[in-house]
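Note sheet for the following structure.
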Amino acid sequence: MHPNPAFRLHGSPKDDRALMERLITEVGFGMIFAATPDGPRVAHVPLRSTGDGAVQFHLARGNALTGHLGGVNALAVINGPDAYVSPRWYGDDPSQVPTWNYVALELEGPVRRMQEDGLVDLLEALSAREEARLPEPAWTMDKLEGDLRRRMLSAIVGFEMEVRAWRPTFKLSQNKNEAQRAGVIAGLEESGARAMAEMMRGLG
């Protein structure tokens, strides 16, 4: 989390939580970090928020983290849009320097292994979420049958993190004045960073 409190969320707890949940759902992908006997490791995973304070994910059985996650504290990171910000976009102010605007969410908490029925529910939810963003017909889990289904499920392990710390960073030039922010938005749009420009309009 960025040390400057200007880049944190300042709405109501309910609104801030809803925004963080939305980021998890819309991005849908993140990183899991944990310590292992061989040193720190990271895994890149699709993520699902349960909506009640937990996030779920799955790993290949052979992943370096899989054998060490059950019962340990881990860190999940979800990255939203990011973009370079040029000092030119602030106007005629020689004191300005380059920076980077970005959105990120850190989640920390204990992790437990899921049973197979929980893993199946997770896989069905993830595929339904992503298939809904594509043209029909959607792919569904029932297309996997018999031995193929068993082999696919045995190759992965499901996990659930109970999130005890939510640490968001929404660095959207909140520490700049209105004219400078307008210049940054215009510069971002011109350079093709439209997702960041839209987020600055909506959340800055």
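For region 1-99, what is the convex hull volume of its Cα atoms per residue in Å³?
On the way: hull volume 15.8 nm³, N = 99.
Output value, Cα hull per residue: 160 Å³.
Suppose we look only past 31 Å in the calculated P(r) of the chain. What percent of the Cα-Cα pairs does that tail hold? Please report the intermediate quantities before stating the final value.
Working: 6591 of 20706 pairs.
Beyond 31 Å sits 32 percent of the P(r) for the chain.
Probe of 1.4 angstrom, ligands and nucleic acids ignored: what's the accessible area per residue over the chain, in square angstrom? Spell out each step's value before the answer.
Values: 11210 Å² over 204 residues.
I get 55 Å² per residue for the chain.
Carbon and sulfur: what percent of the chain's accessible surface (1.4 Å probe)? Don't jump to the answer; show the numbers that get you there.
Numbers: 5950 of 11210 Å².
Of the solvent-accessible surface of the chain, carbon and sulfur hold 53 percent.
Setting aside same-chain residues fewer than 8 positions from residue 14, which aspartates and glutamates have a Cα under 14 Å from its Cα?
Straight-distance partners of residue 14: 52.
So what is the relative contact order of region 45-173, in percent, for Cα pairs below 8 Å that sit 6 or more residues apart?
Numbers: 202 pairs, mean separation 47.9, N = 129.
This gives 37 percent for region 45-173.
Would you please give the residues with an amide H less than 5 Å from that of residue 30, counting only those at least 5 places away or on a separate chain, with H modeled from the backbone geometry?
45, 47
If you take the square roots of the eigenvalues of the alpha-carbon gyration tensor of region 29-81 and sort them as a ≥ b ≥ c, do you get rounded (a/c under 1.5), prolate (a/b over b/c) or oblate? Intermediate results must be reported in sequence, preceding the final value.
Working: a/c = 1.79, a/b = 1.54, b/c = 1.17.
Prolate, because a/c is 1.5 or more and a/b exceeds b/c.
Counting each DSSP H run of 4 or more residues in the chain as -39500 (n - 2.57), what helix-only mean residue ellipticity at 222 nm follows after dividing by all residues, to the nearest 500 deg cm²/dmol?
-10000 deg cm²/dmol
Amide H to amide H, which residues 5 or more places from residue 85 or on other chains are under 5 Å from it, using H placed in the peptide plane?
Amide H to amide H, under 5 Å and 5 or more residues apart or across chains, residue 85 pairs with 99, 100, 101.
The values are calculated or read from the model by the stated rules, or taken from the named source; none is laboratory data. The structure displayed is predicted, hence computed values, not measured ones. Side chains included, ligands, DNA and RNA excluded: accessible areas come from the protein's heavy atoms. Shrake-Rupley method; radii C 1.70, N 1.55, O 1.52, S 1.80 Å.
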